[in-house]
Amino acid sequence: MFKKILIANRGEIAVRVIRACREMGIGTVAVFSETDRAALHVSMADEAYCIGPASARESYLNAGKILATAKHSGAEAIHPGYGFLSENAAFARACAETGVKFIGPPAKAMETMGSKTRARQAVEAAGVPFVPGSSKGLSLTEAEAVAAHLGFPVMIKAAAGGGGKGMRMVGAAEELKSAFETAQSEAQRSFNDSEVYLEKLIENPRHIEIQVLGDEHGNLVYLGERECSVQRRHQKVIEEAPSAIVDPELRRRMGEVAVRAAKSAGYTNAGTVEFLVDQERNFYFLEMNTRLQVEHPVTELVTGLDLVHLQIRIAAGEKLPFRQEDVSIRGHALECRIYAEDPDNNFFPSPGRITRLVQPSGPGIREDCGVYENWFVPLDYDPMLSKLIAYAPTRDMAIARMKRALDEYSISGIKTNLGLFRRILEDPDFVAARIDTGFLDRLLNAGRGSATPGHRSSGNASENVQEIAAIAAALFAATATNAGSHAHNSNGAVNPGRISRQSDTWTKTARREALRDA
Ligand code: MV4
């Protein structure tokens, strides 16, 4: 086993990996940028080295500096976390050449899966069902022929893309040329690689992914699915395991396909095979993520496994300590990604000082957090602060537990998306698990009232007056409740859950202020 590991990351994932190392008796080396001198991961590691200025390009993406720091500190392995260098095949190769173990798949597997067209070729040869389309880069003329054959609507995608970048939907033949040219130049600008290809559009899909794990002795298993359909602009907001629409039979079929896809690329260590699942529960390979993912905790809770421990043991050459038939899914886990962003201002990042932080705990609650009270959240990196994870025997109980934990949670000084989660968790479609990748946009647009054409019948004056009267009545009821009229609250005239919750928060604040003054 390694004696010392360098963690080439920051925030909650660096903390997560440091915790695993500590549990395994492995020394930890943190790296940090000049803005991150006081960051949580720095204080938790055994050693820490400044590797450059705030700009990620000069710090967390500075492969040479990070490798030199590993050598200098005597770290035998590097855990890349997610983002930054985690899917950079050249970095994985440089590690191997320097004699530092990269805790992840071989560089070759990262290269295969890093190109969407190469990935499609590899999985196609392995008999994996994938979204119909081409598996090589296309010229405009070729794209026109492929699109005519597939039928519209189609998607133009960048081979080097992923996570939604360089993607264009095309509804009809006459839109193809301009969409193709835009996608191509966007791909060139974003990835320095203009290769684009075509896929048939899957309408209103669910995003369901399979966690896989393989050792370096030829054993590869699947660890069930995660449903990640609740997202906004390709940023996941809530993830859960298992998916409400995946039964044991579908789980086995998707799992076996995921293992075949991973094996086709010579994959080892932890990885995720993404699928689109259509309304008829047909599933299609989309892409493979060659890293530990943000949402890995929901899989850990329902399988009882520690994925970071296992990643480290696999990288050290150990065999998987269990077989496929030993893996079982138990209970239900939900994860909320808490971001420093302003829901009232288009979810713009909201950096600043966290003046007060009250974190939830209690039965079935896990929080993977990367910040602390008084920390200044910088604008330089991804604004995710924390992941709140709830685990319970059933989905309904996990939702109830998550709502309870969110009520306990309080972050002051910066704007966060905390308020959004209660709206989602109380939405009838979410509760019934009627979700797809359009769910969150529909929820957010519905809340915009008359600004959304089609949702309001005509917007005439008398309707508006009625609406204003209804709002005034609700406000009056809420204010009356807070003045101490509890009978008013329980008579059912207004949504009692929402109103009492609001008053609870005020009560708590008042009590706190009273204590402070005492
Ligand atoms: C698609 C698709 C529909 N049809 N491909 C978006 C991110 C990238 N990983 C692939 N994405 C999609 N590819 C075809 N042929 C719909 C999406 C998509 C999506 C996928 C997963 C999670 C959220 C999404 C939101 C919008 C679109």
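The values are calculated or read from the model by the stated rules, or taken from the named source; none is laboratory data. The structure displayed is predicted, hence computed values, not measured ones. Positions of Cβ are generated from backbone atoms using ideal geometry, with glycine treated the same way; all protein chains shown enter the neighbour counts. Remember, those area values only see protein heavy atoms, side chains included, never the ligands or the DNA or RNA. Shrake-Rupley method; radii C 1.70, N 1.55, O 1.52, S 1.80 Å.
None of Thr290, Thr272 is within 19 Å of Ile13 (Cβ to Cβ), within 16 Å of the ligand (Cβ to nearest atom) and in contact with a Gly (Cβ under 7 Å, 6 or more places away or on another chain) except Thr290. Is it fair to say Gln184 is open to solvent by 10 Å² or more (accessible area, probe 1.4 Å) and touching a helix residue (DSSP H, G or I) at 6+ places or on another chain (Cβ under 9 Å)? Judged against the criteria, Gln184 is a match.
Residue count for the range 90-110, restricted to those that are closer than 23 Å to Val259 by Cα and buried (at least 19 other Cβ atoms within 10 Å of the Cβ): 9. Among all residues of the range 337-350, there is at least one that is assigned to a strand (DSSP E or B), among the hydrophobic types (A, V, I, L, M, F, W, C) and out of contact with any Cys (no Cβ under 7 Å at 6 or more places or on another chain). Exactly one residue out of Lys200, Lys263 is within 9 Å of the ligand (Cβ to nearest atom) and over 23 Å from the mean Cα position of the chain (by Cα): that is Lys200.
Of the residues making up the range 302-336, those that are open to solvent by 60 Å² or more (accessible area, probe 1.4 Å) and assigned to a helix (DSSP H, G or I) number 3.
Does the range 120-138 include one or more residues that are out of contact with any Ser or Thr (no Cβ under 9 Å at 6 or more places or on another chain), more than 12 Å from the ligand (Cβ to nearest atom) and of a type in the set (S, T, N, Q)? So far as the range 120-138 goes, no, none of its residues is out of contact with any Ser or Thr (no Cβ under 9 Å at 6 or more places or on another chain), more than 12 Å from the ligand (Cβ to nearest atom) and of a type in the set (S, T, N, Q).
When you look at Asp427, is it without any contact (Cβ under 8 Å) to a residue 24 or more places away in the chain and away from the ligand (no atom under 16 Å from the Cβ), yes or no? Yes: the conditions hold for Asp427. In the range 339-361, is there at least one residue being hydroxyl-bearing (Ser, Thr, Tyr), surrounded by 15 or more Cβ atoms within 10 Å (Cβ to Cβ), within 27 Å of Gln211 (Cβ to Cβ) and touching a residue at least 24 places away in the same chain (Cβ under 8 Å)? There is at least one residue in the range 339-361 that is hydroxyl-bearing (Ser, Thr, Tyr), surrounded by 15 or more Cβ atoms within 10 Å (Cβ to Cβ), within 27 Å of Gln211 (Cβ to Cβ) and touching a residue at least 24 places away in the same chain (Cβ under 8 Å).
Annotation for the range 269-282: no member residue is surrounded by fewer than 20 Cβ atoms within 10 Å (Cβ to Cβ) and among the small types (Gly, Ala, Ser). Considering the range 34-57, the residues that are within 25 Å of the chain's Cα centre (by Cα) and assigned to a helix (DSSP H, G or I) include one that is farthest from Ser386 (Cα to Cα), namely Arg57. Quick test of your reading of the structure: Glu209 fulfils all but one of (1) within 16 Å of the ligand (Cβ to nearest atom); (2) closer than 30 Å to Gly317 by Cα; (3) more than 26 Å from the chain's Cα centre (by Cα). Name the failing condition by number. The failed condition is (3). Taken together, the residues in the range 254-266 that are open to solvent by 20 Å² or more (accessible area, probe 1.4 Å) and either closer than 13 Å to Ile208 by Cα or among the hydroxyl-bearing types (Ser, Thr, Tyr) (or both) amount to 1.
Out of contact with any Asp or Glu (no Cβ under 9 Å at 6 or more places or on another chain) and among the hydrophobic types (A, V, I, L, M, F, W, C): is that true of Ala187 in this structure? Against the criterion (out of contact with any Asp or Glu (no Cβ under 9 Å at 6 or more places or on another chain) and among the hydrophobic types (A, V, I, L, M, F, W, C)), Ala187 does not qualify.
Among residues belonging to the range 57-95 that are out of contact with any helix residue (DSSP H, G or I) (no Cβ under 8 Å at 6 or more places or on another chain) and polar (S, T, N, Q), point out the one that is farthest from Pro106 (Cα to Cα). Looking at the filtered set, the residue picked out is Ser73. Determine whether the range 242-251 contains at least one residue that is in a helix (DSSP H, G or I) and in contact with an Asp or Glu (Cβ under 8 Å, 6 or more places away or on another chain). Checked the range 242-251: at least one residue is in a helix (DSSP H, G or I) and in contact with an Asp or Glu (Cβ under 8 Å, 6 or more places away or on another chain).
Taken as a whole, the condition of being closer than 15 Å to Lys200 by Cα, open to solvent by 20 Å² or more (accessible area, probe 1.4 Å), touching a residue at least 12 places away in the same chain (Cβ under 8 Å) and assigned to a helix (DSSP H, G or I) applies to Ala148. Of all residues in the range 283-301, which are assigned to a helix (DSSP H, G or I) and open to solvent by 20 Å² or more (accessible area, probe 1.4 Å)? Answer for the range 283-301, where residues must be assigned to a helix (DSSP H, G or I) and open to solvent by 20 Å² or more (accessible area, probe 1.4 Å): just Leu301. Looking at Glu111, Glu87, just one residue is at pLDDT 95 or above, in a loop (DSSP other than H, G, I, E, B) and of a type outside the set (A, V, I, L, M), and that residue is Glu87. Of all residues in the range 46-67, those that are over 12 Å from Ala8 (Cα atoms) and hydrophobic (A, V, I, L, M, F, W, C) total 1. Considering only residues in the range 213-236 that are out of contact with any helix residue (DSSP H, G or I) (no Cβ under 8 Å at 6 or more places or on another chain) and more than 16 Å from the ligand (Cβ to nearest atom), the one that is most open to solvent (accessible area, probe 1.4 Å) turns out to be His217.
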